[in-house]
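Below is one structure; the comments refer to it alone.
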Amino acid sequence: MTNGLIPIARKSLHAHAFEHYLRTGRRIDLQPRRAAIARKFNPYHDPDNGQFTFAPGGRRSGTSRRSSQRGSDAPKPGVSANPAKLLLAQYRPNPRARIGGNRGPALNDPMTLERAFPGLRNAPGSSIIALADNALDITGPSRRLTTELADAEVKSLIVQIKRVDAQFHYDRLGAPATLEGQINEINDLRMYRAAARYNKLKDQGPLQVEVLRQMQKSVDRAYAEGVKRFDAGLLKINLSRDEAIGNFIDRTVKLEMQRLFDRFGIEHGTGRQVRVGGREYDTSGTGRTYRIPDVRVGKMAYDMTTERKLPSKPQIRGFFRADFGADSAVIVRPSQLGRGSTYAIKKPGK
Amino acid sequence: MPKIEDRKKLPFVPKDLDTIYDLLGWMMLYAPKCDPGMSWVFEDNIDLTFFGLNEGLKVVRREIGEEVYARLAAMSQQMRAHFDSDPEDKNGGCHKGRILINQMSDIVEDCLRRRASRTAG
């Protein structure tokens, strides 16, 4: 037989079957009627190449399946094993995923800014400390959040909130279907926990972290939209593109932070520990001066900006000289500007 | 503290001129839908946003004076009509609405400057 160009060698059925066996390790049944006859079947094979292998669970099998599939549990002839459950021989589970007990790894949940900015507590004055990788990110680099993990985190957060606020009641309609929904739910509960701890125990630590988380989210979103509006010629320019976009981010995020505090019953304004865009006076000198941090929670000042601000900047020095006694200033910049965009500045001389 | 799952919360109403100025900036970024999708904790939509803006203008009515209030209220109404006419930001109505946001922001900024000069004086 030819295909018009190259003659194709005619092979016997046996030669074809042998060639198939060499390639795949599987025998072709040359006599289909024999299929009806009972015979021994070995279900254990490498899912990659179909070749015979050891029973799963054995020392040399390299798979995670237990030997419970032996005997009566073994797949019946003609019924394919579920390929989704088969693992490659060289598969090893991520060792980090085993951390955190039976429910899996603990999610990032810093309760103080010192944990979000490692080294902040003991850093020398005027140091710039970068935000830890994934400090505000629930899923981490591997996006390992699963519904089960999210459920466990939600339950744990509810228990933690109830410890502080016995009246807390949370009617859950069910787990959110999407990853984003799960993240939102966890973030909202964390914010609620922070608000409860602040209102009931006067604990500012978790609130400082959650304020940073919410600000970062608002800044990133506002920056993305701000760039679009700028390109459409809708933002007023006084000095530069960055300044124009920065002004709109400022307005947007300040509004969102006010709404956030209102929503969670956190009192803010003049004379409070939480302030949005309030004047912070410095009465230490001869004349009274002031600076306006975008947000302040206790002794932590937050400033959102698109430019990189250094400790030597008069505005930053002004925060540290103000009467509220800032420990640190957190500079929140859009994540789109790259790694290390958000950082903390330690008070000089501390 | 309100219940976390309670979505029937009061809409946000600015209490001063600074916050109205910030709200206009927020609207510039998120109009015409006025829903940045921040979280289910916030219920955002165009009705709640304009309700907040109009109520906020009433709060500062005495401070800014009747004439300025009337101008801002009329511009707010016009802006709403533009956004309603172009909910998908396609036919140019939304662009006109955003230009009105800038004009309103300028007026509010003038009021803030006047207030600052009064306070300084």
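Laboratory data are not the source of any read-out in this text; all were calculated from the coordinates shown. Keep in mind that this is a model prediction, so the values were computed, not measured. Cβ sites come from the backbone with ideal geometry, for glycine too, and all protein chains shown count toward neighbours.
In debye, nearest 20, what is the charge dipole magnitude of the range B:11-85 about its Cα centre with +1 on Lys and Arg Cβ and -1 on Asp and Glu Cβ, if you could check?
Rounded to the nearest 20 debye, it is 160 debye.
What net charge is computed for the residues neighbouring B:Arg98, neighbours being all others with C-beta under 12 Å from the C-beta of B:Arg98, Lys and Arg scored +1, Asp and Glu -1?
Net of charged neighbours comes to +1.
Mind ranking A:180-189, A:328-337, B:22-31, A:232-241 by how tightly packed they are, going by the mean number of other C-beta atoms within 10 angstrom, highest first?
So the order, starting with the most tightly packed, is B:22-31, A:328-337, A:180-189, A:232-241.
With a sphere of radius 12 Å drawn around the Cβ of A:Ser341, what net charge do the other residues whose Cβ falls strictly inside it have (Lys, Arg +1; Asp, Glu -1)?
Summing Lys and Arg as +1 and Asp and Glu as -1 gives +2.
Averaged over peptide A:246-253, how many Cβ atoms belonging to another chain are found within 10 Å of each residue's Cβ?
The per-residue average across the peptide is 4.
Counting only the backbone N, which residues of the range B:96-121 are under 11 Å from the spot 7 Å out from the Cα of B:Glu63 toward its beta-carbon?
B:111-113, B:115-116
Under the √(5λ) rule applied to the eigenvalues of the Cα gyration tensor, what semi-axes describe the equivalent ellipsoid of the range B:11-121? Give them in Å, descending.
In descending order the semi-axes read 25, 16, 12 Å.
If I stretch the segment between B:Ala120 and B:Asp47 completely, what's the gain in nm (0.36 nm per residue apart, minus their alpha carbon distance), one decimal?
Stretched out fully, the B:Ala120 to B:Asp47 stretch lengthens by 22.5 nm.
Taking the Cα centre of the range A:211-350 as origin, work out the dipole magnitude from +1 charges on Lys and Arg Cβ and -1 charges on Asp and Glu Cβ, in debye rounded to 20.
Using only the charged Cβ atoms, the result is roughly 260 debye.
For the range A:214-293, what does the alpha-carbon gyration tensor say about shape, rounded, prolate or oblate, given a ≥ b ≥ c as the root eigenvalues, a/c under 1.5 as rounded, and a/b over b/c as prolate?
Oblate.
Where Lys and Arg each count +1 and Asp and Glu each count -1, what net charge lies around A:Arg317 among other residues with Cβ under 12 Å from its Cβ?
Here the charged neighbours net out to +4.
Using modelled backbone amide H atoms (1.01 Å from N, in-plane), which distant-in-sequence or interchain residues come within less than 5 Å of A:Val274's amide H?
Sorted by chain and number, the residues that satisfy this are A:Gly269, A:Gly298.
With +1 on each Lys and Arg Cβ and -1 on each Asp and Glu Cβ, and nothing else charged, work out how big the dipole of the range B:44-121 is about its Cα centre, in Debye to the nearest 20.
Roughly 420 debye for the range B:44-121.
Rounded to the nearest 0.05, what FRET efficiency is calculated for B:Ala81 and A:Asp133 with R0 set to 41 Å and r the Cβ-Cβ distance?
So, using R0 = 41 Å, E works out to roughly 0.30.
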